[in-house]
Every structure is written in structure tokens, then in C-alpha cells.
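Heads up, the thing below is written out as C-alpha cells.
Just so it is clear, none of the values below were taken in a lab; they were calculated from the coordinates. Fair warning: this is a prediction, and the values are worked out from it, not measured in the lab. As a convention, Cβ positions derive from the backbone with ideal geometry for all residues, glycine included, and neighbour counts pool all protein chains shown.
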Amino acid sequence: MRMSYDATIDFLFGCPSLCSGGSLVGCPLRFRSSCCCGEIQGQVLDPSGSAIPGATVKVVQTDTQFTRTTTAGADGGYVLPNLPLGPYRLEVTGQGFKTYVQSGILLQVGNNVQINASLQVGAVSENIEVRSQASMVETKDNAVSQVVDQRRILELPLNGRQATSLVLLAGGSVNAPTSGNDNVGSKSFYSSVVIAVAGSQGNNVNYLLDGGDNNDTFSNVNLPFPFPDALQESALRPTPCPRAMACIRAAR
């Protein structure tokens, strides 16, 4: 029977043995997951608010120069799914319109953000640049998540340098009593913990590493995680029945 969870913790790790610098860019698809990726979608519009079909939409990850390109549909809509996390620049071009450029876009764990590009009439060689930090509004999921970035992971005094301590930074997360239960002990790894999220049982948290299952199938607690130095992000996502979710990604 499939286990139901109240929260998911995703620790993002960057496949350092397979990819240069530990980045997910260039990793084989089997090592990726939607949990450790993000998505940018929106519409391309002219000054009157009408759609511009066939416009070219390109995103560039400014840290790695990873590039993804797509074409706007008949309604001006575009979708760029499964993007590696990090800072991005959006570039939109259309025949008879100035090039639209927006920087300051930051994708975190599981982000699905909407960015509508309004093009102005002019030559493609002319640019309209939006340099302000974009507001990353989640458009597909109304769950409240807690993301811990790499700086806080490295600087926080985690007990025993265990990544699972990051779960306790989220509201409603507490160490569950270990007396009277056998979820952890001699049959589990030394780093296994029981943490209750939003009043759930101590073994009702779904642990992910780069989007992949990282749970002990015998007791349903966590398997070992890398040391904090190797992590890039962590995210706790309570789920409204079933199980909550936590994601962690390794540093580059």
C-alpha cells in the first residue's frame, strides 16, 4: 500500500560525480526531477494587450549560460518547463517589435512562475530592459513552502551537521517523541530522525534528494543526507493530505 504523507522535504544535491561542479546542468535526465527544477510561463503581448503568436522566447541561466528557447503559441502563450534552479534572464523577440529583456529572475525549488512580456513596436535591434528583481509568484500551487538557501544552510549551527535539522526551521515542525516507538534505533541509520509536521506522525514526512526518494522503506524515516557543505537548497512543503514534502539540492 502506498504511504500517505503530511509533508515533503526535498534536499537538492547536484550530482557532483556526474556533472561538472555539481550542477544539474548537463546531468542525465534520470538524475533530474520536477522537484529540483522550476518553470517559467506566461504570454507575449503587444501594447494593446493582443497576443503575438510566433514570438521567440529564450531564457538564459546567468551563472552557467544554460539556454532554453521556445516559440509563443497562437494565444501568445509560452511554457519553459524543467529548468535548473538559479538566476535567469528572459529575452523575447518578435518581428516588428523591440527585443524584451528581463533580468533578476530567480527560480527556487519547485517554482512555477508567470512572466508576461509586453513588447513595444520598433526594430528587433532595439531593447526594452527590465532590470528590477522580478516577483516570483507561484501560479500553479497554493501550498505554503519554506525554502532555505545555501548561505543559511552553511551558516546555521545545525545539530550534528545533520541536514534534517533544516526541517525544524519551518513553522509547525517539531522533534517527535522517540520513546514508545521503534521508528529509529539499531535498525535504522544513525542519522535517521522522527520529525512531526503540522501534528502528523514522526514518520509521515517524505524525504527527497534531488527529487528522488530518500526514505527508509522499512521504518519510513529518512535515509542519510550529504553534509550541509554539499547542499544548495532545502524546501519543506506541507501537503493537504497526503504527505508533506521536503527537497534539498547540493551545492555547485
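If you take every residue apart from A72 with its C-beta less than 12 Å away from the C-beta of A72, what net charge results, scoring Lys and Arg +1 and Asp and Glu -1? Write out the running numbers ahead of the final one.
Numbers: positive: K58; negative: D46, D75.
Taking every Cβ under 12 Å from that of A72, the sum is -1.
Which value, in debye to the nearest 20, gives the size of the charge dipole of the stretch 37-130 about its Cα centre, when Lys and Arg are +1 and Asp and Glu are -1 at the Cβ? Mind dumping the intermediate values first?
Details: 4 positive and 7 negative charges, 22 e Å.
Roughly 100 debye, rounded to the nearest 20.
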Calculate, for N82 and N175, the FRET efficiency according to 1/(1 + (r/R0)^6) with r their C-beta to C-beta distance and R0 25 Å; round to the nearest 0.05.
0.10
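Taking R0 as 41 Å, what FRET efficiency do you get between A74 and D213 from their Cβ-Cβ distance, rounded to the nearest 0.05? If you can, show how the numbers build up before the last one.
Working: r = 39 Å, r/R0 = 0.96.
Efficiency computed from Cβ-Cβ geometry: 0.55.
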Cα radius of gyration and Dmax for the stretch 37-130 (Å):
12.5, 37
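If R0 is 35 Å, what FRET efficiency do you get for Y190 and D149 from their C-beta distance, rounded to 0.05? Don't jump to the answer; show the numbers that get you there.
Details: r = 27 Å, r/R0 = 0.78.
For Y190 and D149, the calculated efficiency is 0.80.
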Tell me, what ³J(HN,Hα) does each residue in the stretch 217-223 have, in order and in whole Hz, if you take phi through Karplus 6.51 cos²θ - 1.76 cosθ + 1.60 with θ = phi - 60° and put x for Gly and Pro?
5, 7, 10, 6, 9, 7, 7
Full extension from V124 to Q65: what is 0.36 nm times the residue separation minus their Cα-Cα distance, to one decimal in nm?
19.0 nm
